[in-house]
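Below is one structure, written out as structure tokens; comments come after it.
Please treat every number below as a calculation from the coordinates, not as lab data. Everything numeric in this text was worked out from a predicted model, so none of it was measured. FYI the Cβ positions are ideal-geometry reconstructions off the backbone, even for glycines, and counts take in every protein chain you see.
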Amino acid sequence: MAIIRIYAGPDGASHFEEIEPRWEALGDRSERAELIPGSGIVLRRFDPARSNPWHHAPGRAAVFTLSGAVDIEIGDGTVRRLGPGDILIAEDRTGQGHVTREVGPEPRVSIFVPLGDGGPSPAHRD
């Protein structure tokens, strides 16, 4: 996975910079790295054999799966598989929560983009 920054240098020309994420082990068979310091946008890398029992989303976020796959189970037993290109809007901060199970053979890499504490966008209101 390449993370490329394009910026204007002091010479007035555009330049590329390759960014290497600084992965931090979380002790739960996953790692995190902040994409842009102070932005709250986080890269997560999950071991392909990892599972996480019932839990809540820690905050409203859009979760973009870049590689690997995950099965997400909700309270009624429904399971959805998310893979590369899929986007999850995680908002279950209360209630029963959900279960996640990584689906191997490769680690799942996702980007978590915080959405703030507001409700759904007007396009999703009835």
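General observations
- The protection proxy used here, the mean number of other Cβ atoms lying within 10 Å of each residue, ranks peptides 108-115, 67-74 as follows, highest first: 108-115, 67-74.
- Relative contact order [Cα under 8 Å, 6+ residues apart], the chain, whole percent: 26
- The slack in the chain from Ala49 to Ile87, taken as 0.36 nm per residue of separation less the alpha-carbon distance, amounts to 11.6 nm.
- Note on Asp76 and His56: their simple-model spin labels are 2.2 nm apart, each label 7 Å out from Cα toward Cβ.
- Burial order of peptide ranges 39-52, 86-99 (average beta-carbon count within 10 Å, highest first): 39-52, 86-99
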